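The values are calculated or read from the model by the stated rules, or taken from the named source; none is laboratory data. Fair warning: this is a prediction, and the values are worked out from it, not measured in the lab. A quick note on method: Cβ atoms are made from the backbone with ideal geometry, for glycine too, and the neighbour counts reach across all protein chains shown.
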Amino acid sequence: MNRQIMKLFKYLLAVLLCIPGTTFATGYCARIPYTMSGGKMVVNAEINGKQGNFIFDTGAPVCLTYSFALGLELETLGKVRCQDSNGSLVDNRVVMLNCFRVGGIDFMGVQGMIMEEGNMVESFGVDGILGYSLFGDKIVEIDSRKKQITIAGNGEYFSLDTTAAIPMLLNSRVPLIEVKLSGRTVDTVMLDCGAGGFFDLSEKTYNRLQTEEVWTFLGRGRGILSLGAAGLEKFSLKYRVRIPGFTVGKGRFSDVVTKTTSGNNSRLGAEFLDYGIVTIDYRKRILYYRPFEEKVKNMNRKEWNVVITVMDNELKAGFVWESMWKDLQGGEKIIAVNGKRFDKVDAWQAMTTDLIGLSEEQAEIVVIGENGKEKKLIIRKE
């Protein structure tokens, strides 16, 4: 009996902490500033009275890091096995967050997940993810020029343009919409603000459309490129292509250079937000996209033929494109870049600062070869 009384007391205390902005009606609007750090959108929020910094991610549920959750005494609802953006399975504890305060508004009874102890997200200097489990019956707008996220209970706070409306697939917790490749072929893509870059092509779509002349094949590579909730993706083979035409609602792009991803769906990443305002009506299952400019945006760009990654606090040749296969297998330790030596590297510092200091077109790296000897190589953008 005493335990039940104590649980009730803790719940009521959390409710009292939330009273200033608590709302169960639709007439509310939270305007949340965000900063960009390591290609991630980071916002400040408060959970059960504890302040933290969270990655804003439309492609993931609300998650707390193991260390942030310590001491919150959260009620466990069960465990769930889910897939991250790379298709990797991860087991998480599901908990009830009595009070989730963000942008001056308090949301009560939000379900969240606790990441496993030692998850790589912890090394990024954030306390979790602000994701789709907070948005279920709301309208969310992202304006990259204002660096602002708006969450509201109805459409009166937005200038919604019905001509910019794109239907979202039903029965999906993440924003899934259809885009056109090369003016005719349809691909189903996920808006994943937690992913870096502009667009990643799913292996499923790549295999389905190989014979339809939708793109120009640029090459293949092997290694590890992306990070999901389960950590770094598995070592894999990827393909690089150039798509001459790419259409998202009113948004038109040309020469989109992209690579394949092992996730279930192709995905639009955080860079997509640089070119227009995105409004997601989760209630009506509609995404609105208003480009900042009407002209077609050219997305042709070069990429490094060796992608340097931080693993286990060391620099590694994380991903190697085919032009460098004669010299590297992928995963080799890099001990120097352009004459600067690296022994131990902080992952978050490497992502958020110009720690490595790569030049615009080429760089010299020193790797440890299979024989344990040092080897100098020139890597390039191509």
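Please determine whether any residue of the stretch 168-176 is touching a strand residue (DSSP E or B) at 6+ places or on another chain (Cβ under 6 Å) and over 22 Å from D57 (Cβ atoms). Talk me through it step by step, then tell me what you get.
Of all residues in the stretch 168-176, those touching a strand residue (DSSP E or B) at 6+ places or on another chain (Cβ under 6 Å) come to 168-169, 174-176.
Subsequent filtering for residues that are over 22 Å from D57 (Cβ atoms) retains none.
No, the stretch 168-176 contains no residue that is touching a strand residue (DSSP E or B) at 6+ places or on another chain (Cβ under 6 Å) and over 22 Å from D57 (Cβ atoms).
Has the stretch 322-334 got at least one residue that is assigned to a strand (DSSP E or B), surrounded by 14 or more Cβ atoms within 10 Å (Cβ to Cβ) and either out of contact with any helix residue (DSSP H, G or I) (no Cβ under 9 Å at 6 or more places or on another chain) or in the same structural domain as G221 (by TED's automatic domain parsing) (or both)?
Going through the stretch 322-334, the residues assigned to a strand (DSSP E or B) turn out to be 333-334.
Retained after the next criterion (residues that are surrounded by 14 or more Cβ atoms within 10 Å (Cβ to Cβ)): 333-334.
Subset that is either out of contact with any helix residue (DSSP H, G or I) (no Cβ under 9 Å at 6 or more places or on another chain) or in the same structural domain as G221 (by TED's automatic domain parsing) (or both): 333-334.
Looking through the stretch 322-334, at least one residue is assigned to a strand (DSSP E or B), surrounded by 14 or more Cβ atoms within 10 Å (Cβ to Cβ) and either out of contact with any helix residue (DSSP H, G or I) (no Cβ under 9 Å at 6 or more places or on another chain) or in the same structural domain as G221 (by TED's automatic domain parsing) (or both).
Have a look at G78, G39 and point out the one that is assigned by TED's automatic domain parsing to the domain that holds L97 and under 15 Å from the mean Cα position of the chain (by Cα).
Working: G78 fails: under 15 Å from the mean Cα position of the chain (by Cα).
The unique qualifying residue is G39.
Within the stretch 257-296, which strands (runs of 3 or more DSSP E) (wholly inside it) include 1 or more residues that are closer than 24 Å to E203 by Cα and among the basic types (K, R)?
Values: elements: 266-268, 276-281, 286-291.
Hits in the stretch 257-296: 266-268.
Each row is one residue, and each column tells you yes or no for (1) at pLDDT below 90; (2) farther than 25 Å from T35 by Cα; (3) under 15 Å from the mean Cα position of the chain (by Cα); (4) of a type in the set (A, V, I, L, M, F, W, C).
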position	(1), (2), (3), (4)
V90	yes, yes, no, yes
V95	no, yes, no, yes
F100	no, no, no, yes
G112	no, no, no, no
E117	yes, yes, no, no
F124	yes, no, yes, yes
D143	no, no, no, no
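Taking only pairs six or more apart or across chains, which ones have beta-carbon atoms under 6 Å, a first residue in the stretch 361-378 that is assigned to a strand (DSSP E or B), and a second residue that is among the small types (G, A, S)?
V366/A336; K375/G369
Could you check E116 against (1) assigned to a loop (DSSP other than H, G, I, E, B); (2) closer than 22 Å to A30 by Cβ and say which number it fails?
With (1) assigned to a loop (DSSP other than H, G, I, E, B); (2) closer than 22 Å to A30 by Cβ applied to E116, the lone miss is (2).
Tell me, please, whether a residue that is at pLDDT 90 or above, touching a helix residue (DSSP H, G or I) at 6+ places or on another chain (Cβ under 9 Å), of a type in the set (G, A, S) and assigned to a strand (DSSP E or B) can be found in the stretch 219-227.
Yes: one or more hits.
Which residue is farthest from L64 (Cα to Cα), if the candidates are limited to the stretch 106-136 and must be of a type in the set (G, A, S) and touching a residue at least 24 places away in the same chain (Cβ under 8 Å)?
Taking the stretch 106-136 as the starting set, the residues that turn out to be of a type in the set (G, A, S) are 109, 112, 118, 123, 125, 128, 131, 133, 136.
Next, only the ones that are touching a residue at least 24 places away in the same chain (Cβ under 8 Å) stay: 112, 118, 123, 125, 128, 131, 133, 136.
Working: G112: 7, G118: 12, S123: 13, G125: 12, G128: 4, G131: 11, S133: 13, G136: 18 Å.
Here the residue is G136.
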